[in-house]
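Below is one structure, written out as C-alpha cells; the observations come after it.
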Amino acid sequence: MTLARIEPCLFLITKDNCHLYDSEALSLLWRKFVYFFLTFPEKVVPFLSRPSFPALLLPSGQHLFSSNAICRSVLWVVSWFSSAASASFVDSWDCLCLLLEEGERAVSEEEMEAATLTWRKGLTSCSLATERQHPLLPEEGKRNILLTSALPYVNNVPHLGNIIGCVLSADVFSRYGRLRGWNLLFVCGTDEYGTATENKAREEGLTPQQICDKYHAVHSSIYKWFQIDFDFFGRTTTEKQTEIAQDIFWRLHKNGFLVEDTVEQLRCENCQRFLADRFVEGTCPHCSYPEARGDQCDKCGRLINAVELREPQCKVCRQTPIIRSSKHLFLDLPKLERQLEQWLEKSTSTGDWTANAKQITRSWIRDGLKPRCITRDLQWGTPVPHPDFKEKVFYVWFDAPIGYLSITASYTNEWDKWWKNPQQVELYNFMAKDNVPFHSVVFPCSLLGAQDNYTLVNHLVATEYLNYEDTKFSKSRGVGVFGDMAKDTGIPSDVWRFYLLYVRPEGQDSAFSWADMALKNNSELLNNLGNFINRAGMFVTKFFEGCVPEMDLQREEKKLLAVVGWELQQYIQLMDKVRIRDALKHILNISRHGNQYIQVNEPWKKIKGGERRAGTVTGVSVNIACLLSVMLFPYMPLVSQTIRDQLNAPQSCIGTMLQGTGTFVCALSAGHRIGTVSPLFQKLETDQIEALKKRFGGQQVFDSSVSAPAAPGAEVKVVGGVDPEKAEHLLIQHQCLPPQGEKVRALKAQKAEKDVIAAEVSKLLELKKHLALAEGKNAAPAPQTGKKKK
C-alpha cells in the first residue's frame with residue numbers, strides 16, 4: 001500500500017482500493033497546497049492510470065506523482081465516496097498545488113530579475129499585420145515557410161483522425177508561425193482523380209466531375225467549421241494540374257528517368273475494368289495479413305503489387321479478379337537512388353523530421369528502391385501526353401503530390417517563387433504516417449529527376465494514427481465521429497480542436513474517448529484554464545471597477561514571472577519543433593500556476609482589509625490571462641479572441657509575446673479598462689456524453705454518401721443483378737458481426753494451435769459465404785487464371 005498525504009485529507013491507495021478519509025474536507029482542497037509524497041518501489045504505479053503515469057524520483061528516495069495521476073485515480077474509483085464529495089472534488093482538483101520543493105526546477109535570483117526587467121518593458125509599438133495581403137510571396141530577409149497538408153481524397157468525408165493527422169496540425173503550426181512573424185503560405189486542396197472517384201460517381205449516378213464538385217464543397221465546409229485557416233484551398237482537377245504534371249513527366253522522360261515495361265494487372269470481369277490497387281484486397285504475401293490492399297499492407301507496411309496478393313478480391317463486388325497484361329511507364333527509382341540518399345542525409349539532419357518519418361524512409365531505402373509504375377488504365381485522371389500511352393492517365397501517387405504545385409499555381413501565377421526557390425523557402429509537409437513514403441521518397445525523386453530547381457521538403461511532420469475508443473473509425477459501421485457530424489454534437493469547434501490536439505498521436509497511436517474528452521473539458525478547460533481567466537477578470541471588475549490596479553511586485557511575483565516566462569520559453573521551443581501536443585501542456589501549466597497564485601494569496605479576502613496586495617495579485621493574474629490568450633491562439637482561435645475581447649487587450653500583445661525566445665511583458669498596465677467578463681467554457685454532463693457515445697458507437701447506419709439529388713436521368717447501375725442499396729445494407733450488417741477476422745489474426749500472432757486457428761478460419765469463411773449468398777453471388781471463389789510475369 002501507498003500513503004498519499006493531501007492536507008486536510010488522507011488517501012490510502014492500494015492496488016485494489018482507494019479509501020477516502022474526512023471526505024467533507026474535500027471542498028477545502030482548492031485552498032490548500034497538495035503534497036504527494038508516495039513511497040513505492042517503482043517509478044510507476046500501474047494501477048493509478050491507464051496505461052500509467054511516470055513519477056519523479058526525489059533525492060530522498062520518495063516518488064513524486066502529479067496531481068493529474070492521483071486525481072484521476074480517485075475519479076476512476078469514485079464509487080468509494082459520496083457523490084457530493086465527488087462533485088466537490090471534480091470541481092476543485094485542478095486548483096490543487098503540487099509542492100515540488102526538491103523536485104522543482106530552481107529559480108535563481110538572476111532569472112527573477114531578468115523576468116522582472118522584461119515585464120517592465122511593456123508592449124512594443126509595432127504589431128503583426130492583422131490582414132494578410134494576398135498573394136503572399138517569399139520576401140528577402142524573412143523566414144519564408146511553404147506549408148502543405150496532405151491532400152484529402154475528395155470522395156471520403158474526413159473523420160477526426162484524418163483531421164488531426166493533417167489539416168488541424170498544419171493549421172496550428174501555420175497560426176503559430178504567423179504569430180512568430182514568419183512569412184508563411186498554407187495551401188491544401190482535394191485530391192480528385194482516380195478510380196475511387198469513378199466508382200463513387202457510378203454509385204451516386206453522377207459524373208466524376210459532379211462528384212468532385214459536390215465533395216469538394218463538403219470538405220471546404222468541414223474545414224471552415226473547424227477553423228482551418230488555409231491561405232488557399234484548391235483542387236487537382238484543373239488545367240494547372242495537367243500543365244505542371246505533364247511538364248514534370250516530359251522532363252523525367254528527357255532526362256532518362258522513365259522506363260517502359262509490360263505489367264500484369266488485376267481485372268474484374270464482373271465490373272469490366274482494371275482494378276486500382278486500393279480496390280483490391282487480399283492476403284499479404286509478406287506477413288499474411290488477410291486485409292492487405294493492392295498497393296501496401298497496413299500491418300507490415302511493405303509495398304505490394306496487387307498481383308502478389310494471395311486470394312485477391314475486388315472490393316466493389318467481392319469477385320476474384322483475373323490477371324491481364326498491359327504496357328506502362330515506370331519512374332526509375334533505382335537510377336535516382338544516389339541523388340535521393342544525398343538529399344535525404346541533408347534534409348533529415350538539418351530539418352525537423354518526426355521519428356516515424358525517418359524510420360519509414362530508412363526502411364524504404366534499406367529494402368532497395370524498385371521502379372514504380374506512373375500510369376494507369378483509367379479514364380478519370382491527368383492524361384499521359386506520350387502518344388504511345390494516350391489511352392492512359394497518370395497514377396494517382398505520381399499525380400496527387402504535384403497537386404501542391406498546381407494548387408499554389410491556382411493561388412498565384414508566381415507560384416514558382418515558392419516551388420522553385422529552395423534557397424529562400426523552407427517546405428513543411430504535414431501528413432499521417434501512411435503517406436510518408438510518397439512524400440519522402442517517391443515525390444522527391446520525381447522532382448529531383450525533373451532537374452528544375454524544385455523546392456524539396458525540409459521538415460516532414462507525420463502523426464501516428466488516432467483510433468476511436470477501442471476500435472477504428474468506420475463510416476459504414478457507424479463507428480466514430482466524422483467531420484460533417486461534429487458540429488451537430490453541440491460541442492464548440494474550439495473544444496474539438498483542443499481535445500484532438502491534446503491527444504494528438506505524436507509519438508504513438510492514440511485514441512479518441514468520449515469519457516476522456518469530458519474529463520479534459522471539465523478539468524483542463526473549465527476548472528483550470530477557464531476558472532483562472534474568469535476569476536482574474538472578475539476580480540478586476542468586482543474589486544477595481546473594471547480597471548487594472550497598481551502592481552507592486554514582491555519576491556513571490558518575481559518568482560512567478562520567472563516561472564511563467566520559463567513555461568513560455570518551453571512552449572516556443574516545442575512549437576518550433578512542431579511538438580504541438582507537448583507545447584499545449586505548458587499553456588495549462590501556466591494557468592495552474594495562476595490558480596495556485598490566486599489560491600495562496602486570496603485577494604477576495606485582502607481587498608476587504610484594504611491591502612494593496614490584492615491589487616498586485618489581481619493585476620499580475622489578469623496579465624497572465626492576457627499571455628494565455630496569445631498562446632492559445634493557434635489551438636483555440638475563437639476562445640483566444642474572446643479572452644482578448646473580454647480583457648480589451650491591445651492588438652500589439654499578439655506581436656510581442658512570442659518574439660525571440662518568449663517575452664512575457666506587462667500588456668495590461670495599471671489603469672487599463674477591461675471589457676465584460678463572462679465564462680469561457682461549459683461543463684459536459686455525463687448524460688450528454690453517454691448519449692453521444694451511444695450515437696457514434698455503431699448504433700446508427702450512415703448513408704454511403706452525403707445527401708444530394710442525382711443527376712437528371714441518371715440511373716443507379718445494378719452490378720451482377722444485386723441492388724446496391726441492399727448489398728450495402730447487407731455489408732453493414734455483416735461488419736456489425738463479431739470481428740472474426742481480428743480474432744483469427746490474434747490467434748495467428750499468438751501462434752495458437754493449428755486446429756484452433758483452422759476452426760476460427762472456418763467460421764470466418766462461413767460468414768463470408770453467407771454474405772455472398774445473401775448478395776446473390778456465387779459463394780465459391782473464381783479460379784485465378786494468370787501468373788505474374790518474371
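Things worth noting here:
- Qualifying residue in segment 363-370 (condition: at pLDDT 95 or above, in the same structural domain as Y428 (by TED's automatic domain parsing), within 28 Å of the chain's Cα centre (by Cα) and surrounded by fewer than 19 Cβ atoms within 10 Å (Cβ to Cβ)): no
- Contacts under 7 angstrom Cβ, first residue in segment 637-658 being at positive phi, partner modelled with pLDDT of 95 or more and not in a helix (DSSP H, G or I), 6 or more apart: N648/R673; N648/I674; N648/G675
- E139 surrounded by fewer than 17 Cβ atoms within 10 Å (Cβ to Cβ), of a type outside the set (F, W, Y) and modelled with pLDDT of 95 or more: yes
- Residue ID - farthest from H593 (Cα to Cα), chosen from residues in segment 517-556 that are among the acidic types (D, E) and surrounded by fewer than 22 Cβ atoms within 10 Å (Cβ to Cβ): E545
- Failed criterion for T348 (all others in (1) touching a His at 6+ places or on another chain (Cβ under 9 Å); (2) β-branched (V, I, T); (3) more than 21 Å from V263 (Cα to Cα) hold): (1)
- Exactly one residue out of G660, G671, G619 is in contact with an Asp or Glu (Cβ under 9 Å, 6 or more places away or on another chain) and part of a loop (DSSP other than H, G, I, E, B): that is G671.
- Candidates in segment 492-516 are the residues that are among the acidic types (D, E) and within 24 Å of W353 (Cβ to Cβ); of these, the one that is surrounded by the fewest Cβ atoms within 10 Å (Cβ to Cβ) is D509.
- Single residue of E391, E469, E426 found to be in contact with a helix residue (DSSP H, G or I) (Cβ under 8 Å, 6 or more places away or on another chain), surrounded by fewer than 24 Cβ atoms within 10 Å (Cβ to Cβ) and farther than 20 Å from I244 by Cβ: E469
- Test: residue in segment 400-412 that is out of contact with any helix residue (DSSP H, G or I) (no Cβ under 7 Å at 6 or more places or on another chain), within 26 Å of R273 (Cα to Cα) and crowded, with 24+ Cβ neighbours inside 10 Å: yes
- Residue list for segment 212-233, restricted to those being basic (K, R) and crowded, with 16+ Cβ neighbours inside 10 Å: K214
- The residue that is modelled with the lowest pLDDT, among those in segment 447-466 that are in contact with a Phe, Trp or Tyr (Cβ under 7 Å, 6 or more places away or on another chain) and within 21 Å of P152 (Cα to Cα), is L466.
- One residue stands out among those in segment 240-256 that are of a type in the set (K, R) and out of contact with any Asp or Glu (no Cβ under 9 Å at 6 or more places or on another chain): the one that is farthest from N413 (Cα to Cα), which is K254.
- Yes/no for W514 being touching a Ser or Thr at 6+ places or on another chain (Cβ under 9 Å), at pLDDT 95 or above, farther than 29 Å from F398 by Cα and not β-branched (V, I, T): no
- Test for W415: is it crowded, with 18+ Cβ neighbours inside 10 Å, touching a Ser or Thr at 6+ places or on another chain (Cβ under 8 Å) and more than 30 Å from E506 (Cβ to Cβ): yes
- Checked against the criterion of being farther than 30 Å from N413 by Cα and either among the basic types (K, R) or surrounded by fewer than 17 Cβ atoms within 10 Å (Cβ to Cβ) (or both), the candidates E291, E281 yield just one match: E291.
- So E264, is it outside any loop (DSSP other than H, G, I, E, B), surrounded by fewer than 19 Cβ atoms within 10 Å (Cβ to Cβ), touching an Asp or Glu at 6+ places or on another chain (Cβ under 9 Å) and acidic (D, E): no
- Every residue from segment 220-246 that is in a helix (DSSP H, G or I), in contact (Cβ under 8 Å) with a residue 40 or more places away in the chain and farther than 13 Å from L151 by Cα: S221, I222, W225, K240, Q241, T242, E243, I244, A245, Q246
- Just one residue in the set I145, I163 is among the hydrophobic types (A, V, I, L, M, F, W, C), at pLDDT 95 or above, part of a helix (DSSP H, G or I) and in contact with a Gly (Cβ under 8 Å, 6 or more places away or on another chain); that residue is I163.
- Index of the failed condition, G610 passing every other in (1) without any contact (Cβ under 8 Å) to a residue 40 or more places away in the chain; (2) within 25 Å of the chain's Cα centre (by Cα): (2)
- K335 passes every criterion in (1) of a type in the set (D, E, K, R); (2) closer than 25 Å to N453 by Cβ; (3) not in a helix (DSSP H, G or I) apart from (3).
- R338 vs. criteria surrounded by 15 or more Cβ atoms within 10 Å (Cβ to Cβ), charged (D, E, K, R) and on the phi < 0 side of the Ramachandran plot: no
- Boolean, D509 is touching a strand residue (DSSP E or B) at 6+ places or on another chain (Cβ under 7 Å) and either more than 24 Å from F681 (Cβ to Cβ) or hydroxyl-bearing (S, T, Y) (or both): yes
- Residue-level analysis places K559 outside the set of residues that are of a type in the set (K, R) and free of Cβ contacts under 8 Å to residues at least 40 places away in the same chain.
- Restricting attention to segment 318-329 and to residues that are surrounded by 18 or more Cβ atoms within 10 Å (Cβ to Cβ) and of a type outside the set (A, V, I, L, M), the residue that is nearest to the chain's Cα centre (by Cα) turns out to be R318.
- Looking at F498, F482, F438, just one residue is closer than 28 Å to D298 by Cα and touching a residue at least 60 places away in the same chain (Cβ under 8 Å), and that residue is F482.
- Within segment 305-341, the set of residues being of a type in the set (D, E, K, R) and either touching a residue at least 40 places away in the same chain (Cβ under 8 Å) or in contact with a helix residue (DSSP H, G or I) (Cβ under 8 Å, 6 or more places away or on another chain) (or both) comprises E308, E311, K315, R318, R324, K327, D332, K335, E337, E341.
- Residues that are hydrophobic (A, V, I, L, M, F, W, C), in contact with a helix residue (DSSP H, G or I) (Cβ under 9 Å, 6 or more places away or on another chain) and modelled with pLDDT under 90 occur in segment 293-304; there is at least one.
The values are calculated or read from the model by the stated rules, or taken from the named source; none is laboratory data. Since the structure is predicted, the reported quantities are computational estimates derived from the model, not experimental observations. So basically every Cβ, Gly included, is an ideal-geometry build from the backbone, and we count neighbours across all protein chains shown.
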